[in-house]
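One structure below.
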2 protein chains.
Amino acid sequence: MNLSQFRKHYEPLIQKEMTALIDSLAVPQSLKEAMNYSLQAGGKRIRPILLLAVLEEFGIQHPDALKVAAAIEMIHTYSLIHDDLPSMDDDDLRRGMPTNHVVYGEALAILAGDALLTYSFGIVARLEHVSSDDKIRLIDLMSVSSGAEGMVGGQVLDIEGEEKKLTLEELEQVHRLKTGALLTYSILAGAILAQAAAEEIMALSRFGEHLGLAFQIQDDILDVTGTSEELGKTAGKDETSEKSTYPSLLTLPKAKEKLEFHATEALSALNSLNGEPALLRELTELIVQRKN
Amino acid sequence: MNLSQFRKHYEPLIQKEMTALIDSLAVPQSLKEAMNYSLQAGGKRIRPILLLAVLEEFGIQHPDALKVAAAIEMIHTYSLIHDDLPSMDDDDLRRGMPTNHVVYGEALAILAGDALLTYSFGIVARLEHVSSDDKIRLIDLMSVSSGAEGMVGGQVLDIEGEEKKLTLEELEQVHRLKTGALLTYSILAGAILAQAAAEEIMALSRFGEHLGLAFQIQDDILDVTGTSEELGKTAGKDETSEKSTYPSLLTLPKAKEKLEFHATEALSALNSLNGEPALLRELTELIVQRKN
């Protein structure tokens, strides 16, 4: 299976898993709808696909893989819901659709985010085919990568960075935390489920780090070069808001060089794995070449 | 030790534990401050004290008890930060101090809440003196009691209830979820750390349920009978906002009867425990008689 077939196969399964997980909750209908709305709004499902691709490279069919993938996508989705709030990025449009608070109001959007985050930990705690020790590893890393020392911390730095010109180092730190941490977690979660050896986990961690930066640099580049239609969100927003980005700090050609550098490093990290991780290579290419 | 001595002994230790846990985070200074601000704003620490009291009744000094107590108080605190937001209850004052978003702005308040919630799961995952199996039990129940099927769901019902007159049954469901679930969790977490037997966990669960309702009915009563100074928050707010409360649905004397009923049921649940759980009895009395 190439990446395109792999995604075509798994994307509906990821969606189905998330829907089933939300459906199984005995909760107020409005909350269920608000949680589901953003989970069903599409998106690239890069994090679940990364986790599943890692397992595929290890040749493992894990019966709980989709659940963990769904839990990670829920964390990603909660972060988008909160980021889009008026007091944060104030975005009305996400993936071409009205954002959660536009549809459900701010209060329910905040609570739907809280609920998705909280549920993710419960989903992992209740996995049926993973040892308690491995569940604890998954939960520990999940908390670090999505919390104050990871994604949430990155969002704080991102907001604070809007008020000043960042150095390249500071910008990289924002991205490492805001986007990189959860992307890397997706990869490591796959490795944990695959019972990967320590050196393989190290290599995948390095892969994840560079992939995360490449992903974010491409995001910055697309904001300059893409159209709102392609992106499904307002293009050129960074420039209007005078936000520090790779193109603004480095110029567009240099940002593209930087993107190329991290993509190459990501691919080279894969060389230390046994076997030929074709899907992960293709995913790296996809992230570099994506249009949205 | 009676309850007053017990609280005097443990309250500074709980505070110290929370401070140490936040200090150990490598996170942006502003985020650390916002997280700490609400944790240091005082409060009754009822949830940590409940957990510690349960362990005391079982005669157990558990080296990780304060960490779990701190994690639960962080979840409670995150819920207060989010509840106080302008789009939710819009409270400027909490425990006699400006609320988190008044001091740090909405964005940072939301993120500080997110970070506290996420960290709580990590704290439990990293306990050093609890088996992975028991950590998973703690995390599973933590997720249920604080998430969509617990506290967050309760907050949704509470907000929706503001727009209509609730039945007594609906009001009870709001409280069961919004306040009761995490209170009960505090008790059960103590029981899990104490390796309590199944029937003891059942009894404590029943105790927690009635205690939670008693707690909330007293909250409703205090809103009518207390002063803002005593409460550290605006008194009479429920009446002004025409919110369904026990006094408004039942009249004040009947609400007091209901409070007495749940307090009695809570105490009677304790009878099935071995030994004489003096602290938990005193705590029940305290919750019924509190002025804030």
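Each value in this text was obtained by applying a stated rule to the coordinates, not by laboratory testing. Being a predicted model, the structure only gives us computed values, none of them experimental. So basically every Cβ, Gly included, is an ideal-geometry build from the backbone, and we count neighbours across all protein chains shown.
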message: Suppose we keep just the alpha-carbon trace of the protein assembly as shown; what are its Rg and Dmax in angstrom?
response: 24.3, 75
- prompt: Where in the range A:252-292 are there trypsin sites (Lys or Arg not before Pro) that are in a DSSP coil and have at most 11 other Cβ atoms within 10 angstrom of their Cβ?
  reply: A:291
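Helix check for chain B. Which DSSP H runs span at least 20 Å along their own axis by Cα, with a mean Kyte-Doolittle hydropathy no less than 0.5? It would help to have the intermediate numbers written out before the result.
Numbers: long enough: B:3-23 (29 Å, -0.50); B:65-83 (27 Å, 0.75); B:106-125 (29 Å, 1.48); B:132-146 (21 Å, 0.04); B:198-225 (40 Å, 0.28); B:252-270 (27 Å, -0.17).
Qualifying helices: B:65-83, B:106-125.
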field: Coil-residue trypsin sites (Lys or Arg not before Pro) of the range B:121-175, DSSP, other Cβ within 10 Å capped at 11
entry: B:164
- request: Compare the Cα positions of A:43, A:2, A:26 along the charge dipole of the range A:1-44 (+1 at Cβ of Lys, Arg; -1 at Cβ of Asp, Glu; about the Cα centre) and return the one farthest towards the positive end.
  value: A:2
message: Just to check I understand the Karplus step: with θ = phi - 60° and J = 6.51 cos²θ - 1.76 cosθ + 1.60, what whole-Hz values come out for the range B:92-102, glycine and proline as x?
response: 8, 10, 8, 6, x, 10, x, 6, 3, 6, 5
- request: Tell me which residues come under 5 Å, amide H to amide H, from residue B:94 once H is placed; ignore anything under 5 positions away on its chain.
  value: B:99
field: Relative contact order (%) - criterion: Cα under 8 Å, at least six apart; region: the range A:3-289
entry: 19
task: Rounded to the nearest 500, what is the 222 nm mean residue ellipticity of chain B from helices alone, with -39500 (n - 2.57) per DSSP H run of 4+ residues and division by all residues?
output: -22500 deg cm²/dmol
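If R₀ is 35 angstrom, what is the calculated FRET efficiency for the pair residue B:133 and residue B:102, using the beta carbon separation as r and rounding to 0.05?
With R0 = 35 Å, the Cβ-Cβ based efficiency is 0.25.
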- prompt: How long are the three semi-axes of the equivalent ellipsoid for chain B, computed from the Cα gyration tensor as the root of 5 times each eigenvalue, in whole Å, largest first?
  reply: 27, 25, 17
task: Could you work out, for the range B:95-206, what percent of all Cα-Cα pairs fall into each 10 Å distance bin, beginning at 0 Å and stopping at the bin that holds the largest distance?
output: 13, 32, 34, 18, 3
Label-point separation, residue A:198 to residue A:278 (7 Å along Cα→Cβ), nm: 3.3
